[in-house]
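Chemist: Sharing a structure with you now.
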Amino acid sequence: MKIGIIGAGNIGGNLTRRLTALGHDVFVANSRGPETLKELAEETGATPVPADEAARGAEIVVVTVPMKSVPALPPGILAGAAEGVAVIDTGNYYPQQRDGRIAAIEDEGLTESRWTERRIGHPVIKAFNGTFAQDIVERALPAGAPDRMALPVAGDDEAAKRKVRALIDEIGFDTVDAGGLDDSWRQQPGTPVYGLRAGVAEVTDALAAAAPERTPEFRAQ
C-alpha cells in the first residue's frame, strides 16, 4: 500500500520505520525539505518528498505535525490522494508547552482532531496520539499475543476507520473503537487512556472513565 507521512518527528519517523519494514511504499515529508530526510530514507527505503507531494496516490496519509504547524501546511495538502484516502491525525494540543492558545478549542470546545480536520479540509481518524513513539517499533506484537497493547481510534468515516484499524493491527497493536471525532476528547492529553500501555479491556475502561474537562496543564493560561 502507498502511504504518505507528513511529519518526520518521533512518531512519523517510527511509523516510517515500521511501515517500510512491513513492505509498504512510504513517502515521507517534513517542513525542512526532502534533503533533510536522507538518513531516514537510507535507513528505511522510504522516499523523501516535499510536503505537498506526500499524499499523491496514497491510500493512507498520516499527519503528524505539531498543532501550531497545521495552519502552515501547504494548501491542498491532500490533492492527488487515492480515492477514499484515510487520513490519520496523531496530533495533540499542548497550549502551555508548545502550541499557544487555539481559540476554537478553548472557547468553542472543539476536539483537537476536529480542529485539524477543518484546517486541512478532509475527514480525519484520530490515532497514535497517546502512543509513546518508541512503542511503535519496540512493543509491536502479533495478533493474539497476551501482552499486546491496544490503541484507541476515533473518527466519523467508518470505512476509513476500518482501514486505519486494519493497518494498526498489521503494525502490531489491537484497537478499540473510541467513537466519532466529537468523542475523541476521551483520548486527548490528560485523560486516563493517554499514554496507557494496556490491552483492549483496560483501554476500553479508560475511555469510559474520561471526563470532558481539560486538566489544568493542558489548558491555555
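The values are calculated or read from the model by the stated rules, or taken from the named source; none is laboratory data. The structure presented is a predicted model; accordingly, all values stated were derived computationally and were not measured. When we count neighbours, we look across all protein chains shown, and the Cβ atoms used for this are built from the backbone with ideal geometry, even at glycine. Surface accessibility is based on the protein's heavy atoms, side chains included, excluding ligands, DNA and RNA. Shrake-Rupley method; radii C 1.70, N 1.55, O 1.52, S 1.80 Å.
Chemist: Do any residues in region 136-150 that are over 15 Å from R18 (Cβ atoms) and among the small types (G, A, S) have Cβ atoms under 6 Å from those of residues that are at pLDDT 95 or above and open to solvent by less than 30 Å² (accessible area, probe 1.4 Å), where the two are at least six apart or on different chains, and which pairs are they?
Modeler: A150/V176; A150/G199; A150/V203
Chemist: Something else about it: Which of the residues that make up region 121-156 are charged (D, E, K, R), touching a strand residue (DSSP E or B) at 6+ places or on another chain (Cβ under 7 Å) and assigned to a loop (DSSP other than H, G, I, E, B)?
Modeler: Residues of region 121-156 that are charged (D, E, K, R), as a first pass: 126, 135, 138-139, 147-148, 156.
Right, trim to touching a strand residue (DSSP E or B) at 6+ places or on another chain (Cβ under 7 Å) and you get 126, 148.
R148, the sole residue that qualifies.
Chemist: Moving on. Would you say D169 is open to solvent by 10 Å² or more (accessible area, probe 1.4 Å), closer than 24 Å to V26 by Cβ, in a helix (DSSP H, G or I) and of a type in the set (D, E, K, R)?
Modeler: Numbers: open to solvent by 10 Å² or more (accessible area, probe 1.4 Å): yes; closer than 24 Å to V26 by Cβ: yes; in a helix (DSSP H, G or I): yes; of a type in the set (D, E, K, R): yes.
Spelling it out, D169 is indeed open to solvent by 10 Å² or more (accessible area, probe 1.4 Å), closer than 24 Å to V26 by Cβ, in a helix (DSSP H, G or I) and of a type in the set (D, E, K, R).
Chemist: Something else now. Does region 127-150 contain at least one residue that is farther than 25 Å from A210 by Cα, within 15 Å of the chain's Cα centre (by Cα) and open to solvent by less than 60 Å² (accessible area, probe 1.4 Å)?
Modeler: no
Chemist: Could you tell me which of the residues D107, D156, D174 is touching a Lys or Arg at 6+ places or on another chain (Cβ under 7 Å) and either at pLDDT 95 or above or among the charged types (D, E, K, R) (or both)? Lay out the reasoning, then the answer.
Modeler: Numbers: D107 fails: touching a Lys or Arg at 6+ places or on another chain (Cβ under 7 Å); D156 fails: touching a Lys or Arg at 6+ places or on another chain (Cβ under 7 Å).
Criteria check complete, one pass: D174.
Chemist: Further question on the same structure: Limited to region 193-209, what total is found for residues that are part of a loop (DSSP other than H, G, I, E, B) and not charged (D, E, K, R)?
Modeler: Of region 193-209, the ones part of a loop (DSSP other than H, G, I, E, B) are 193-199.
With the extra rule that they be not charged (D, E, K, R), the set shrinks to 193-196, 198-199.
The qualifying residues number 6.
Chemist: State which residue is farthest from L141 (Cα to Cα) when the search covers only region 193-206 and only residues that are open to solvent by 20 Å² or more (accessible area, probe 1.4 Å) and within 18 Å of the chain's Cα centre (by Cα).
Modeler: Y194
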